[in-house]
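J.: Pasting in a structure now, in structure tokens, and then I'll have a few things to ask.
The values are calculated or read from the model by the stated rules, or taken from the named source; none is laboratory data. Note that the structure is a prediction, hence the values are computed from the model and not measured. Virtual Cβ from ideal backbone geometry, glycine too; neighbours counted across all protein chains shown. Keep in mind that these areas ignore ligands, DNA and RNA; they rest on the heavy atoms of the full protein, side chains included. Shrake-Rupley method; radii C 1.70, N 1.55, O 1.52, S 1.80 Å.
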Amino acid sequence: MRIGILGTGTLAGALGQGWARAGHELVIGGRSQVKAEKLAERLGHGVLPVTPREAITGIDAVLLAVSWDGVEDMLGLAGASDGTLEGTPLIDPTNAVAHGVGALLTGHGESMAGRIAGLASKAHVVKAFHLFPASQWTSPPGGGGQSRVTVAMCGDDSAALHVVSELVRDVGGTPAILGTLDRVRQLEEVAGFVIGLTFAGFDPNSAVPHVPSSAVS
Ligand SMILES: NC(=O)c1ccc[n+]([C@@H]2O[C@H](COP(=O)([O-])OP(=O)(O)OC[C@H]3O[C@@H](n4cnc5c(N)ncnc54)[C@H](OP(=O)(O)O)[C@@H]3O)[C@@H](O)[C@H]2O)c1
């Protein structure tokens, strides 16, 4: 696939590394061209620095790897409101949560994925990759460094969910579709729950029951 990454920070670098290693063609656009050039050089594999506009043009999937409060600016820089992303999977990994607390900063009942869908005209938004730290994606799949994890996602378009599922597998995850964007607020709350417990000194894994999947089938 040809993948566009918007953002040049930690998550852009981690997923960029995983997808480049899996053989995808990557372009990276940031608000700083210098940072895009540095990240592309670090990733190697023919990854190219481009403008945000170029990072969403003629692309099979786009990752919006920016801080939640930079989403509107970045989509504006890319010109996402003009329909360029029509039918394109747009992956939203953002966490709009209060640092160290985990409370969501979006309005009551509002989701980041819904906000992004409103800003990126006709894109097929898929919420994914928001729950695990970026370091989860930097070891080669099956390399023994990390255990296999389940990536829960929400989206309205089945073809886009299929594309993102492939991208999850490419970095060693197992995709799990929770539902449509009607349920995405729930998925965003889970990240707040995990972040809140972690900062309070608890292992979030110990705060949910271990239910074997066979018990619910
Ligand atoms: N890191 C993780 O472990 C992780 C895991 C899951 C989800 N996430 C989510 O993924 C997203 C990116 O996280 P990150 O860790 O990669 O963050 P990061 O390293 O701080 O990078 C943030 C990126 O957003 C850009 N940005 C910030 N404000 C902007 C604005 N107003 N306009 C345009 N670009 C702007 C930054 O550009 P500059 O460098 O030019 O400031 C940078 O490229 C966040 O929403 C985060 O919640 C992160």
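J.: For the chain, what is the accessible area per residue in Å² when the probe is 1.4 Å? Kindly include the intermediate steps, with their values, before the conclusion.
T.: On the way: 10370 Å² over 217 residues.
Per-residue accessible area for the chain comes out at 48 Å².
J.: Do any trypsin sites (Lys or Arg not before Pro) in the stretch 147-184 lie in a DSSP loop with no more than 16 other beta carbon atoms within 10 Å, and if so, which? Let's see the in-between values first.
T.: Working: sites: 148, 169, 183; in loops: 148.
Sparse-neighbourhood loop trypsin sites (Lys or Arg not before Pro): 148.
J.: Could you tell me the extents of the chain's C-alpha atoms along the three principal axes, largest first, rounded to whole Å?
T.: Over the chain, Cα extents along the principal axes are 46, 41, 34 Å.
J.: Name the residues whose placed amide hydrogens come within less than 5 Å of the amide hydrogen of residue 124, ignoring near sequence neighbours (fewer than 5 apart) on the same chain.
T.: Amide H neighbours of residue 124: 87, 88, 90.
J.: Check residue 149: other-chain or 5+ apart residues with amide H under 5 Å from its amide H, H built from backbone geometry?
T.: Close amide H contacts, sequence-distant or interchain: 174.
J.: Quick one: among 151, 190, 27, which has the greatest mean-square fluctuation in a GNM of the chain with alpha-carbon springs under 10 angstrom?
T.: 190
J.: With the dipole of the chain worked out from charges on the C-beta (+1 for Lys and Arg, -1 for Asp and Glu) around the Cα centre, which of 196, 84, 59 lies farthest toward the positive end?
T.: 196
J.: Can you list the HN-Hα couplings for the stretch 59-68, worked out from phi with the Karplus curve (6.51, -1.76, 1.60; θ = phi - 60°), rounded to whole Hz and with x for Gly and Pro?
T.: 10, 7, 7, 10, 9, 9, 9, 10, 4, 4
J.: Next question. Please give the charge dipole size of the stretch 155-203, origin at the Cα centre, charges +1 on K and R Cβ atoms and -1 on D and E Cβ atoms. Round to the nearest 20 debye. Display every interim value, and only then the final one.
T.: Details: 3 positive and 8 negative charges, 19 e Å.
Around 100 debye, computed over the stretch 155-203.
J.: Let me ask another. Once you charge only the Cβ atoms, +1 for Lys and Arg and -1 for Asp and Glu, what is the size of the charge dipole of the stretch 99-217 about its Cα centre, to the nearest 20 debye?
T.: Numbers: 7 positive and 9 negative charges, 13 e Å.
Computed about the Cα centre, the dipole is about 60 debye.
J.: Mind running the shape call on the stretch 77-157? Use the C-alpha gyration tensor, a ≥ b ≥ c as the square roots of the eigenvalues: rounded below 1.5 for a/c, prolate if a/b tops b/c, oblate otherwise. The partial results should precede the final answer.
T.: On the way: a/c = 2.40, a/b = 1.39, b/c = 1.72.
Oblate shape, in that a/c is at least 1.5 and b/c is the bigger or equal ratio.
J.: Show me, for the stretch 34-48, the HN-Hα J-couplings you get by feeding each phi into the Karplus relation (A = 6.51, B = -1.76, C = 1.60, θ = phi - 60°), rounded to Hz, glycine and proline as x.
T.: 5, 5, 5, 5, 5, 5, 4, 5, 5, 6, x, 6, x, 5, 10
J.: Taking only DSSP H segments of four or more residues, each worth -39500 (n - 2.57), what value at 222 nm results for the chain once the sum is divided by all its residues, to the nearest 500 deg cm²/dmol?
T.: When only DSSP H runs of four or more count, the value is -10000 deg cm²/dmol.
J.: Read phi for every residue in the stretch 14-28 and hand back ³J(HN,Hα) as whole Hz from Karplus 6.51 cos²θ - 1.76 cosθ + 1.60, θ = phi - 60°, with x for Gly and Pro.
T.: Coupling constants for the stretch 14-28: 5, 5, x, 4, x, 6, 5, 4, 6, x, 7, 8, 10, 10, 10 Hz.
J.: Could you list which residues have their amide H under 5 Å from that of residue 63, counting only those 5 or more apart in sequence or on another chain, with H placed in the peptide plane?
T.: Excluding prolines and chain starts, which carry no amide H, the hits are 4, 5, 6, 91.
J.: With +1 on each Lys and Arg Cβ and -1 on each Asp and Glu Cβ, and nothing else charged, work out how big the dipole of the stretch 2-204 is about its Cα centre, in Debye to the nearest 20.
T.: Working: 14 positive and 20 negative charges, 84 e Å.
Rounded to the nearest 20 debye, it is 400 debye.
J.: Now for a separate question. What angle do you read, to the nearest 10 degrees and between 0 and 90, between the alpha-carbon axis of helix 184-199 and the longest principal axis of the chain?
T.: 70
J.: Roll a 1.4 angstrom probe over the protein heavy atoms and tell me the percent of accessible area of the chain that is carbon or sulfur.
T.: Details: 5500 of 10370 Å².
Heavy-atom surface of the chain belonging to carbon and sulfur, 1.4 Å probe: 53 percent.
J.: Just to be sure I understand the curve: with the Debye formula and one point per C-alpha of the stretch 24-149, what is log10 I(q)/I(0) at q = 0.17 Å⁻¹?
T.: -0.99
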